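Enquirer: Sharing a structure, written as structure tokens. Questions coming.
The values are calculated or read from the model by the stated rules, or taken from the named source; none is laboratory data. Being a predicted model, the structure only gives us computed values, none of them experimental. Note that we place each Cβ from the backbone using ideal geometry, even for glycine, and neighbour counts take in every protein chain shown.
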Amino acid sequence: MGLIERLMTMAFGGSRNVVKETAEVFRENAEAAGARRSVLQGQTLEQFAAEFGAGRTWFDAAMDGLNRLPRPLLAFGTLGLFVAAMVNPIWFASRMQGIALVPDPLWWLMGAIVSFYFGARHQIKSQEFQRSVAATMAQVPQVVANTKQLEALAPRPPADSGHDARLSLSVTEAGDNAALSEWRLSRQ
């Protein structure tokens, strides 16, 4: 017994586990990794709270408001141009003649600014769309299974009678059912 006890003490130690410590060299301890992730997430949330939660000034609110203006202004401005063209075509045509004089490099610059501004939003929306498509595609096996179950519950048509109309009518017409007739009589 003394030899086995010494071997176990050497392998697992008095207060340490040599096997566990050796295994952790090759594979991360899941419990310790979860604790580290939890601490990291808590610290990240604390940093965000310190950065965004406290000390919001009027300037921050004004900048947030200004950042929300370009998209609606461009959309309503474009609709306004259509209304202006219908209400006062001569005024609209004279303004469009002025726009025709804008040099091409300025149009390119305007296009680049608008593209960068809206491109970031488009990328975010397209990534959200791809995530929703992936989530929908993940539901396909369940939908197929549900559809098969529903189709199994659907009433079956009578036997195929081909092109024989008399046979089709005889199959679909209600005939005498002795059990049903007896039941009806017992209910009266």
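Enquirer: Could you count how many residues in segment 14-35 are modelled with pLDDT under 75 and touching a helix residue (DSSP H, G or I) at 6+ places or on another chain (Cβ under 9 Å)?
Expert: Looking only at that region, the number is 4.
Enquirer: For segment 80-99, which residues satisfy the criterion of being closer than 24 Å to P70 by Cβ, of a type in the set (A, V, I, L, M, F, W, C) and out of contact with any helix residue (DSSP H, G or I) (no Cβ under 8 Å at 6 or more places or on another chain)? Write out each step before concluding.
Expert: Step one: of segment 80-99, the residues closer than 24 Å to P70 by Cβ are 80-85, 92, 95-96, 98-99.
Pick out the ones that are also of a type in the set (A, V, I, L, M, F, W, C) and you get 81-85, 92, 96, 99.
Within segment 80-99, F82, V83, M96, I99 meet the criteria.
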